[in-house]
Amino acid sequence: GAVVSQHPSWVICKSGTSVKIECRSLDFQATTMFWYRQFPKQSLMLMATSNEGSKATYEQGVEKDKFLINHASLTLSTLTVTSAHPEDSSFYICSASLQGAKNGYTFGSGTRLTVV
Amino acid sequence: GEDVEQSLFLSVREGDSSVINCTYTDSSSTYLYWYKQEPGAGLQLLTYIFSNMDMKQDQRLTVLLNKKDKHLSLRIADTQTGDSAIYFCAGANDYKLSFGAGTTVTVRA
């Protein structure tokens, strides 16, 4: 159990366009999901916490108007990178937890975004 | 938040044991995790340990926790080529995970 599916696995877009990334919990309900960003050869940086039915909680320094998060159901959270620029190119990963920290956090397979 | 530090690289011969070390600063972390990341993929949870435990063993994996020194280690017995990856330790305080920079493990024949 505790499978998290993330789509797309990779996307290339032009500067100025928006890109939506989906994160789904396949076999459990997730009231909370997390979005991370990972730069090459670096660790994961938490961007925001996505809460079902309410606004996301963004980490300091993350632009909420730039990275729109919607968590409309207990199994789906989306991250939209708006007006993407080359510096937004990165690896984005979502995660969710079944029953909290004691079961660990399950991660999606990640999305490689390249903005040209 | 939690500061988590790891050594960046480890090279090990196939069949030997690998030991990856991690230190953390926040003693209030309830759970400590080890994740594995293969190239271009997400993170795979390998194992975790509750903060009141000293050791946890799961097949080839052994986690040791020294809470006094805030030191966590992961031992992989009989390391195989498929174990080549980046390994992250992470601490959970409430629901937030703080990751180390990751240790790149290279298994050589």
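The values are calculated or read from the model by the stated rules, or taken from the named source; none is laboratory data. Just so it is clear, the structure is predicted and the values come from calculations on it, not from any experiment. Using ideal geometry, Cβ is built from the backbone for each residue, glycine included, and neighbour counts are taken over all protein chains shown. All accessible areas refer to the heavy atoms of the entire protein, side chains included, with ligands and DNA or RNA removed. Shrake-Rupley method; radii C 1.70, N 1.55, O 1.52, S 1.80 Å.
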For this session: Can you send over the carbon and sulfur percentage of the accessible area for segment B:6-82, probe radius 1.4 Å, protein chains only?
Result: 49 percent
Seminar exercise, completed: Taking only Cα atoms of the protein assembly as shown, the Rg to Rh ratio with Kirkwood Rh works out at 0.98
Problem set entry | Test item: Cα-centred dipole of chain A, Lys/Arg +1 and Asp/Glu -1 on Cβ, debye | 120 debye
For this session: State the cysteines of chain A left without a partner when partners are defined as other cysteines whose beta carbon lies under 4.7 Å away.
Result: A:Cys13
Problem set entry | Under Karplus coefficients 6.51, -1.76 and 1.60, residue-wise ³J(HN,Hα) of segment B:25-40 in Hz, glycine/proline x | 9, 8, 6, 8, 4, 7, 10, 10, 10, 10, 10, 10, 10, 8, x, x
Exercise. Taking chain A, how much of its Cα-Cα pair set, in percent, is spaced more than 17 angstrom apart?
Worked result: 51 percent
Exercise. Using modelled amide H (1.01 Å from N, peptide plane; none on Pro or chain starts), what sits under 5 Å from the amide H of A:Glu59, excluding residues fewer than 5 places away?
Worked result: A:Ala48, A:Thr49
Exercise. Hey, which of these cross-link pairs are over 31 Å Cα-Cα: A:Lys14/A:Lys41; A:Lys14/B:Lys96; A:Lys64/B:Lys36?
Worked result: A:Lys14/B:Lys96
For this session: Note the buried accessible area between B and A here, summed over both chains, with a 1.4 Å probe, in Å² to the nearest 100.
Result: 1500 Å²
For this session: With +1 on each Lys and Arg Cβ and -1 on each Asp and Glu Cβ, and nothing else charged, work out how big the dipole of chain B is about its Cα centre, in Debye to the nearest 20.
Result: 120 debye
Exercise. Per 10 Å bin, what percent of the C-alpha pairs of chain B does each bin hold, from zero upward?
Worked result: 16, 50, 29, 5, 0
Exercise. Within a Cβ distance under 12 Å of B:Ala85, other residues only, what is the Lys/Arg minus Asp/Glu net charge?
Worked result: -1
Seminar exercise, completed: Within the under-12-Å Cβ sphere about A:Ser15, not counting A:Ser15, Lys/Arg +1 and Asp/Glu -1 give a net charge of -1
For this session: Quick one: dipole size for the protein assembly as shown, taken about the Cα centre, charges +1 on Lys/Arg Cβ and -1 on Asp/Glu Cβ, in debye to the nearest 20.
Result: 160 debye
Exercise. Among A:Ser83, A:Ser54, A:Ser18, which one moves the most in a GNM of chain A with springs linking Cα atoms closer than 10 Å?
Worked result: A:Ser54
